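Reviewing the structure listed below.
What follows draws every value from the coordinates through simple rules; no lab data is involved. As the structure is a computational prediction, the values presented were derived from the model and not from experiment. Neighbour counts are summed over all protein chains in view; Cβ atoms, including those assigned to glycine, are modelled from backbone coordinates with ideal geometry.
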Amino acid sequence: MNPILKNLIRLALFTLAALSLIGVWLLSRVSNPTIGFYAQAALSVCVMLYVVFFNKIPKRVHVWLGVLCLILAAFVLFLFTYGNTSNADFTENVVIVLGAGVNREMVSRPLAHRLYATIDYWEKNPNAYIIVCGGLGNRAIITEAEAMSRFLIARGIPQEKILLEELSTSTYENLLFAKAILEEHFQGEFRAVVITNDFHIYRATQMARGIGLDVSRVGAHTDWYSRPVNYLREMLAVMHMWVFQ
């Protein structure tokens, strides 16, 4: 490789890694830290070290790192494609909206995107009930479900169409506790659609099916600047699910 081109590539990689590290720090100031934050920070540091010691790394290691990058890119593409391919037919009985961060009483941006997707869905199927899921987070003074309910009511969703699940602390509990409430509410069979952010859709639907909920899906938008953190976290969570659940 041309030495000038190689140095330009190394500079670009180092710059991207440094910006990624700064991005993690900025996001950690406004969001609850997750394993995705630590994964992105660790990956950024690894890329910076890779650039620094580039000339001392054996060629076969460069090749294996390239293969690993292709695998990770394919994984991200799969999650993105699955999460942005809705299969809802707008005849479902209920919308299950999974919880996310709340700061005191205000929903976070990822959660707001889920709620806007819920409003879009409900406008096409106003007969559906909406169950909002989530307990009390560490930066909140009300439950995620209550904050979500207030958000929806303020934007025209009738209160009587909203059911609250306020005990859960994880995606699995969101779905498990929502199922119990819905079975009692409908007193029989019902059809559900799950709404969460696009990166989260695959794992959510697999967990739903694992507890006996045959759901359709609608993926909500994810802000571009939070995609690395969220997709890294989700890849780890999906691998954990495949191995342990």
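Has the stretch 93-107 got any residue that is of a type in the set (S, T, N, Q) and touching a Phe, Trp or Tyr at 6+ places or on another chain (Cβ under 8 Å)? Checked against the condition, which is being of a type in the set (S, T, N, Q) and touching a Phe, Trp or Tyr at 6+ places or on another chain (Cβ under 8 Å), the stretch 93-107 yields at least one hit. Looking across the stretch 64-103, the residues that are surrounded by 15 or more Cβ atoms within 10 Å (Cβ to Cβ) and among the β-branched types (Val, Ile, Thr) come down to Val76, Val94, Val95, Ile96, Val97, Val102.
Checking each residue in the stretch 181-204 for being in contact with a strand residue (DSSP E or B) (Cβ under 8 Å, 6 or more places away or on another chain) and surrounded by fewer than 22 Cβ atoms within 10 Å (Cβ to Cβ) picks out Ile181, Leu182, His185, Phe186, Phe190, Arg191.
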